[in-house]
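All of the numbers you see were taken from the coordinates with simple rules; none came from a lab. Keep in mind that this is a model prediction, so the values were computed, not measured. Neighbour counts run over all protein chains shown; Cβ positions are idealised from the backbone, glycine included.
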Amino acid sequence: MKLTVLGSGSSVPHPARSSSGFWLESGGGNILLDCSASVPLRMAQEKLDWPNLDAIWISHFHLDHCAGLLPLLAGTKHVEAMKTRKKPLRIVGTNGLKKLLDEFSEVNNYRLLEQPFPVEVLEVEALEKFDILPGVEAVAMKTPHTDESHAIHLTDIGGKTLVYSADTGFHEAISVFANGVDLFILECTYVRNKPVKKHLELAEAIFLIRKANPKRAMLTHFYPEWDDVSFKEGIAKFDPRCEVIEATDGLTLEI
Ligand SMILES: [Zn+2]
Ligand SMILES: [Zn+2]
């Protein structure tokens with residue numbers, strides 16, 4: 001698998017960090033993990049093969065994770081590169097995704113789900129295995145963030161594994177979910193003294209990484225307060241027991 005970070009930021013506008021989006025090239029096709037409003041631009045900037053996007057995972061319905069579905073589907077509806085496309089685009093999430101997409105589609109009669117190619121909308125149940133793409137197995141796990149928020153575990157055709165937490169509060173079960181994965185992508189919205197329960201701060205993120213014992217971990221979803229600290233020095237205060245990578249827009253990783 002190859003991962004490209006499209007957005008390492010949050011909903012707070014930032015000059016260097018777009019909001020959430022990760023492009024994943026897997027043995028089964030191209031998967032987008034979350035789709036913030038900046039994702040269509042960021043896919044083009046990274047020269048990714050966006051007309052051959054196969055599946056989109058939507059972790060939850062905060063706009064910094066799903067608002068890009070509107071401009072993306074408005075574009076794919078009319079763009080020349082998609083007119084001859086026959087293969088389906090699969091949009092996957094949990095309870096409420098169909099309703100959200102129908103509502104997006106009905107706004108101003110945009111009819112975003114009427115595309116030149118089939119659009120499959122899939123609502124999955126937590127902890128039930130499914131193929132997000134042929135040969136790429138996925139499992140979702142409920143996270144304490146919003147009613148519909150879920151993390152996802154992916155196993156590629158070659159056996160490589162990845163967990164993407166998306167936004168989450170502190171929840172030890174996510175360490176079991178991510179146990180031993182090749183890459184654990186974990187949110188770390190705050191540095192310390194977090195003012196809300198529904199996100200993580202650094203000490204909690206490192207605790208979860210230590211328990212999960214992944215091959216590598218990547219922290220993401222940074223609030224602007226991270227601008228005032230050194231990521232390396234922050235990590236060095238703990239002992240995460242594996243490499244912990246700072247997500248930056250445009251970073252690519254072979255998994
Ligand atoms: Zn978010
Ligand atoms: Zn959120």
- State the Cα centre-to-centre distance between region 79-94 and region 178-251 in whole Å. 33 Å
- Query: In a shell of Cβ-Cβ distance under 13 Å around VAL124, excluding VAL124 itself, what net charge do Lys and Arg (+1) and Asp and Glu (-1) give?
  - Reply: -3
- Message: Output wanted: per-residue J couplings in Hz (rounded whole) for region 131-139, from phi through Karplus 6.51 cos²θ - 1.76 cosθ + 1.60, θ = phi - 60°, x for Gly and Pro.
- Response: 8, 5, 9, x, x, 10, 8, 9, 9
- Query: Quick one: Cα convex hull volume of region 68-215, Å³ per residue?
  - Reply: 135 Å³
- Note on the structure: Helix-only [θ] at 222 nm, the chain, -39500 (n - 2.57) per DSSP H run of 4+, per residue, nearest 500, equals -5500 deg cm²/dmol
- Scan around MET218 for amide H atoms under 5 Å from its own, H built in the peptide plane at 1.01 Å from N, and keep only partners 5 or more places away or cross-chain. PHE184, ILE185, LEU186, ILE245
- Message: Can you tell me what share of the DSSP beta bridges in region 1-65 is antiparallel? A percent to the nearest 5 is fine.
- Response: 70 percent
- Message: Charges at C-beta only: +1 for Lys and Arg, -1 for Asp and Glu. How large is the resulting dipole of the chain about its Cα centre, in Debye rounded to 20?
- Response: 240 debye
- Query: Can you work out ³J(HN,Hα) from phi for every residue in region 222-236, in order, using Karplus 6.51 cos²θ - 1.76 cosθ + 1.60 and θ = phi - 60°, giving whole Hz and x for Gly and Pro?
  - Reply: 7, 7, x, 4, 5, 4, 8, 10, 7, 4, 4, 5, x, 5, 5
- Query: Counting Lys and Arg as +1 and Asp and Glu as -1, what is the net charge of the other residues whose Cβ lies under 10 Å from the Cβ of ASP34?
  - Reply: -2
- Measuring from the longest principal axis of the C-alpha atoms of the chain, the long axis of helix 97-106 (C-alpha) lies at a number of degrees, nearest 10, equal to 50 degrees
- Please quote Rg/Rh for region 132-174 to two decimal places, taking the Kirkwood radius as Rh and restricting both calculations to Cα atoms. 1.04
- So, by mean Cβ neighbours within 10 angstrom, what's the order for 243-250, 29-36, 179-186 with the highest one leading? 29-36, 179-186, 243-250
- Item | Projected-area mean, region 1-160, by convex hull of Cα positions, square nanometres | 9.2 nm²
- Message: If I model a spin label as a point 7 Å beyond the Cα along the Cα-Cβ vector, how far apart are those points for TYR110 and ASP131 in nm?
- Response: 3.1 nm
- Task: Count charges around SER19 for me, please; just the other residues with Cβ under 9 Å from its Cβ, Lys/Arg as +1, Asp/Glu as -1.
- Result: -1
- Item | Cβ charges +1 (Lys, Arg) and -1 (Asp, Glu), total dipole of region 34-130, debye | 380 debye
- Query: Where does the Debye-calculated log10 I(q)/I(0) of region 166-255 sit at q = 0.13, 0.15, 0.26 Å⁻¹, using only Cα point scatterers of equal weight, no solvent?
  - Reply: -0.37, -0.50, -1.55
- With at most 14 neighbouring Cβ atoms within 10 Å, loop trypsin sites (Lys or Arg not before Pro) (DSSP) excluded, longest segment of the chain: 130-191
